[in-house]
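Below is one structure, written out as structure tokens, with a few remarks after it.
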């Protein structure tokens, strides 16, 4: 049986393609390199809650904000074979009492889209949530404009629960409506089989939250 403290442990995780390691400020240079040049970074982070960083200091500020959230565990996504940082992802809104958490703050370097990386990442994160922590419920949030992410979440087998109106403020100052999805523990076995069968097809790319 897991304890409350187990839910907040930044445990390193690994899958077939990826290692998920707790994100630190020491990852700043690799983080910036994964984002690429300004146009590429803008495309990769188009639906995130922060603007693309333009300096190392701004990258550190972004990482520091992630680490300062007591209900969030942020991970650097690194290739198992090379150690290259290829994105980030997080558990957040962690609620041990109700055995629930969210998965998001996810982005993947443009050159690694549709390579199976996101599929592997979801297997790792959901495995930790449902098998490791015995979660009852996993949630995703995505901008109502981000139809690519919504399609990817739906392919997981998650259920759309509704739209949270004026849920967040976008970097440009506009109000964001958020589409919320969830998956229950009883639904995880079918999703795991689907993800394992997806293999290298890379059909689940998409940034959330």
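Data for the structure
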read-out: Residue 113-residue 4 FRET efficiency (beta carbon distance; Förster radius 41 Å; 0.05 resolution); value: 0.65
read-out: Calculated FRET value between residue 194 and residue 24, using beta carbons and R₀ = 45 Å, to 0.05; value: 0.85
read-out: The chain: calculated mean residue ellipticity at 222 nm from DSSP helix runs of at least 4, using -39500 (n - 2.57); value: -8000 deg cm²/dmol
read-out: Virtual paramagnetic centre 7 Å along Cα→Cβ of residue 51, amide N under 11 Å, in the range 158-176; value: 171-173
read-out: Using a Förster distance of 35 Å, the FRET efficiency for residue 82-residue 145 (Cβ separation, nearest 0.05); value: 0.55
read-out: Against the rule of thumb 2.2 N^0.38 Å, how large the Cα Rg of the range 9-198 comes out; value: 0.98
read-out: Where a label projected 7 Å from the Cα of residue 16 along Cα→Cβ would reach, residues of the range 83-127 with amide N under 17 Å; value: 113-127
read-out: Full-stretch length increase - residue 38, residue 136 - with 0.36 nm per residue and alpha-carbon distance subtracted; value: 31.3 nm
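Every read-out reported here was derived from the displayed coordinates using simple, explicitly stated rules and does not represent laboratory data. Remember, predicted model here, so these are calculated numbers, not experimental data. FYI the Cβ positions are ideal-geometry reconstructions off the backbone, even for glycines, and counts take in every protein chain you see.
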